[in-house]
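Please treat every number below as a calculation from the coordinates, not as lab data. Because the structure is predicted, anything quoted here is derived from the model rather than measured. Every residue, glycine as well, gets a Cβ built from its backbone with ideal geometry; the counts of neighbours run over all protein chains shown.
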Amino acid sequence: MFRTSRRKIVAAIMSILVVLWISTLAVIYGSSYISMTKENKELMQLHAEMVVFSGYSKEDGKTPPEMGRRKFDESSPRFRLENFYSVVVSNEDSNKGEVLGVLEKDMNSVYSDAELEKLAADVMNRSKEFGKVGNLSYYKEDRGYTTLVVFMDNTVMNDNVSTLFKYTLIYGAVALVIIFFISSALAKRIVKPLEESYEKQKQFISDAGHELKTPVSVVNANAELLAREIGENQWLDNIRYENERMGNLVTQLLDLARMENVETELSEVDFSRIVEGECLPFESIAFEKGVTLETDIESNINVLGDASKLKQLVSILVDNALRHSEGDKVFVSLKKDSGQALLSVKNKGAEIPADQREKIFERFYRADSARTDTGNYGLGLAIAKSIAVAHKGNIEVLCNDGFVEFVVRI
């Protein structure tokens, strides 16, 4: 139980940190991408303004233009460091799409003219004015008879961003691992006082059960002797009745303490025979109550478990169903389901409110609208849950169509 609590605390801390980490990365890199994309477009537009053409007209459409640049104050360091490539493409019907010329920023060009012409042809087929192709950002400007396609090389920038992102992930992952161990230590310290309190409570229940066992036995023995001396009477019957109830409570307290303090030894047992055997004694009890006990038990269902504890589990659930049945039938079934043994005990009864369906498995919990347990002390279902958990299984209660069903998976 406390191990699960520690895991939940660690999971909650790690989930919050991972969400914050991913959100921070998304905001930083998202805003950076938007900012860089906008700046790239402005730089290419600026470069496009510097490119001028001469010697080109509609009548002389096949003559390649003379290309050059206007004088421009290149004050931006990034603008001066970037590599730009300009490609002029014809818009005239007679030679539409023909590349008329390529202008490179400098002699250290990474791309050949043929590659740039091919890229320009690809860009011309795209509807977007601005975008990316490979490591190049592009901007195309319609100039009437021609279209100017400007490329800007982002290879260095992309490599830097990739390197930064890679190391961010690496150091972030290392930080999360360190935080995981710190969270585990903190979770252990947070849960430790609760665990100590729970252990003291279990020890108290065990000690109280053992201490009460002797006086209950003495009272019972003296009541029997007194009955022989004076015969049966109302007051003596009350003493014996309440002493029997006290004896049942002590037995359940000891059973619960034993379940929680002693490791269950598991071996292969025939669960089908256990369920069949435990249902037989209840048939006469059901008959006296005017209830029919119907069983549907698949044969040869084996599980790893403790036979005596599994018998107690079945006994608690069947007895509980008979006590609280509001119909004339109680249904017990056992079948295989996805590699597990599925035990179901169902009877007609008042629906248990959703907010109480987990609480009824807590020790000493009782509610008028919910069934409790065999001794009416709120311990039977707590014992049943302890047995299910000790067998690496689980137990739950379902309410459908006027029926209350306890389901155990082992």
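Brief remarks on what is shown
- Gyration tensor verdict on the chain (Cα atoms; rounded if a/c is under 1.5, prolate if a/b is larger than b/c, oblate otherwise): prolate
- Pairwise centroid distance, computed over Cα atoms, of the stretch 265-291 with the stretch 380-395, Å: 17
- In percent, rounded to a whole number, the relative contact order of the chain is 10, using alpha-carbon pairs under 8 Å and six or more apart.
- Computed from backbone phi, the HN-Hα couplings of the stretch 282-296 come to 7, 5, 5, 5, 5, 4, 5, 8, x, 10, 9, 9, 9, 10, 9 Hz, rounded to whole numbers (Karplus: 6.51 cos²θ - 1.76 cosθ + 1.60, θ = phi - 60°; Gly and Pro given as x).
- On Cα atoms only, tilt of 307-324 relative to the major axis of the chain in degrees: 80
- For the stretch 13-39 versus the stretch 124-196, the gap between their alpha-carbon centres in whole angstrom: 8
- Per residue of the chain, the DSSP helices (runs of n ≥ 4 H) give a summed -39500 (n - 2.57) that works out to -19000 deg cm²/dmol at 222 nm.
- The longest part of the chain holding none of the exposed loop chymotrypsin sites (Phe, Trp or Tyr not before Pro), meaning those outside H, G, I, E and B in DSSP with at most 11 other Cβ atoms within 10 Å, is 73-363.
- Three-way shape label, the stretch 189-261, alpha-carbon gyration tensor, a/c 1.5: prolate
- For the residue pairs Lys311/Lys385; Lys309/Lys346; Lys309/Lys359; Lys311/Lys392; Lys202/Lys385; Lys38/Lys166, the C-alpha atoms sit more than 18 angstrom apart in Lys309/Lys346; Lys309/Lys359; Lys38/Lys166.
- The Cα-based radius of gyration of the stretch 267-409, divided by its Kirkwood radius, gives an Rg/Rh of 0.94.
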